Structure formats: C-alpha cells, structure tokens
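Peer 1: Mind having a look at this structure? Questions to follow.
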Amino acid sequence: MTTPRIEAADLQRIQQAVRQIIEAIGEDPYRPGLADTPRRVAELYAEMFSGLREDPASVLSPTFPATHEEMVILRDIPFYSLCEHHFLPFFGRAHVGYVPRGEVVGASKIARLVDILARRPQLQERLTSQVADALMEGLRPYGVAVVVEAEHLCMTMRGIKKPGTLLVTSAVRGVFRRRGVTRTEFLSLLRGGQP
Ligand code: ZN
C-alpha cells in the first residue's frame, strides 16, 4: 500500500475560521482571553487530525515470524477522537484480538494503529471496522476482533445528558466471525479470563 501524501493542515486557514466563529457567536476575538484562541485551536486540530496524513499500513511493518497461532489480545488501549458530526471528543478504550497466521506485530504498533485512525474526523463504528480491516490487510491473520467502548461528549454534555453512558461497537473478521467459540474466548479474555 502506498503512503498517502497529503499536505500539512493549513494552520492559517483554521485560525481565520476560528476567529470568524468567535465573531459569529458575538464575542470579541481580540480581547485578551480570546486573542490566542484561534492559534491554539489550529494547533489542537492539526494534532487531533494528524492521522489524516499517516498511513495505518505503515505502522504494521515490520512483522515478526511466530509459531504461536493462538489468540493474541491487546486490551484497554486508550484513545481520543473527535466525532465528525460535532467535532466534539469521544474517548475510551479499544480492545483488539487476532489469531496470527505465522506473523505477529509489536503491541505498541497496534496501539499506534488505533491512534492514527482515531486522529481523524471519525465515527466510532467506522473506527472499529477500520482497525479490524487494517489488521486483516497488514497481518493476514486467521481473524481479528475489535471492541471499542467510548463516551461521546456530543451525547453526554447535551441532548440526552447521561454522563458515563458508553457506546460499545465491535467488528469481527475471519475466524472470529465464523467460530462462535473463538468469539466467546475473546470476550471472556476481555473480562479478565472469567467465563
Ligand atoms: Zn457527535
């Protein structure tokens, strides 16, 4: 897979746009407390959307040969993303399992993959399947399972206002989709091995 070369975020344009938003809500973008806000927001967005300029496939190499063809699970990967509907944070934990087919990858690489895909305007459902698909493509394992649990500020700070409510999404590929017993093993390991 080729690395997409997209130019860096345009900080100047973000700053201008934020200044306009400040004016549009009836505030003074030049008063001391707000004067640096457009610059800060521009830098924040550049960081939060940096995943748009990174290729998820590139973090999955090199892989290491492994004879272990049993389930590998990375649990409780923390992530922060911005929902594409409101540009408000959703954040939580991702759990990733796969059954290697002769190749494994370092645990930090999987966490990095989640980060790259989270640092884009996102939907939790899409993030979940993109993590699963990137691993299927990059590692060619027997199967992948991903569970993401997250709180969405656009749900909890407005609208239904139920702080602490978690949205849980899952994506299963390969052997996790075909074999109920493999799915059950994964889910029980997520609960700390309790059946
Ligand atoms: Zn939202």
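Peer 1: How about segment 25-58: which of its residues are under 17 Å from the mean Cα position of the chain (by Cα), over 25 Å from Val144 (Cβ atoms) and assigned to a helix (DSSP H, G or I)?
Peer 2: The answer is Leu44, Tyr45, Ala46, Glu47, Met48.
Peer 1: Can you pull out the residues in segment 63-85 that are crowded, with 16+ Cβ neighbours inside 10 Å and closer than 30 Å to Val41 by Cβ?
Peer 2: Ile77, Phe79, Ser81, Leu82, Cys83
Peer 1: Residue check: is Ser61 among the polar types (S, T, N, Q), closer than 25 Å to Val144 by Cβ and within 16 Å of the ligand (Cβ to nearest atom)?
Peer 2: no
Peer 1: Hey, another quick one. For the structure I just gave you, tell me whether Asp133 is charged (D, E, K, R), at pLDDT 95 or above, touching a Lys or Arg at 6+ places or on another chain (Cβ under 8 Å) and more than 16 Å from the ligand (Cβ to nearest atom).
Peer 2: It is true that Asp133 is charged (D, E, K, R), at pLDDT 95 or above, touching a Lys or Arg at 6+ places or on another chain (Cβ under 8 Å) and more than 16 Å from the ligand (Cβ to nearest atom).
Peer 1: Taking the criterion of being more than 16 Å from the ligand (Cβ to nearest atom) and at positive phi, would at least one residue in segment 79-99 satisfy it?
Peer 2: Checked against the condition, which is being more than 16 Å from the ligand (Cβ to nearest atom) and at positive phi, segment 79-99 yields no hits at all.
Peer 1: Are any of the residues in segment 149-158 assigned to a loop (DSSP other than H, G, I, E, B), within 12 Å of the ligand (Cβ to nearest atom) and not aliphatic (A, V, I, L, M)?
Peer 2: Within segment 149-158 (the criterion being assigned to a loop (DSSP other than H, G, I, E, B), within 12 Å of the ligand (Cβ to nearest atom) and not aliphatic (A, V, I, L, M)), the answer is yes, since at least one residue qualifies.
Peer 1: Which count do you get for residues in segment 70-91 that are charged (D, E, K, R), modelled with pLDDT of 95 or more and closer than 30 Å to Gly192 by Cα?
Peer 2: Qualifying residue count, segment 70-91: 2.
Peer 1: Can you tell me how many residues in segment 94-103 are farther than 21 Å from Leu52 by Cβ and buried (at least 19 other Cβ atoms within 10 Å of the Cβ)?
Peer 2: 6
Peer 1: Can you pull out every residue in segment 70-90 that is outside any loop (DSSP other than H, G, I, E, B) and closer than 21 Å to Leu135 by Cα?
Peer 2: Residues satisfying the conditions are Val72, Ile73, Leu74, Arg75, Asp76, Ile77, Pro78, Phe79, Tyr80, Ser81.
Peer 1: All but one of (1) more than 27 Å from Gly51 (Cβ to Cβ); (2) assigned to a helix (DSSP H, G or I) hold for Val131; which doesn't?
Peer 2: (1)
Peer 1: Let me ask something else. Considering only segment 107-121, I want to know if a residue exists there that is away from the ligand (no atom under 16 Å from the Cβ), outside any helix (DSSP H, G or I) and surrounded by fewer than 19 Cβ atoms within 10 Å (Cβ to Cβ).
Peer 2: No, that holds for no residue.
The values are calculated or read from the model by the stated rules, or taken from the named source; none is laboratory data. Quick caveat: nothing in here was measured; it's all calculated off a predicted structure. With ideal geometry, Cβ positions are generated from the backbone for all residues, glycine too; neighbour counts draw on all protein chains shown.
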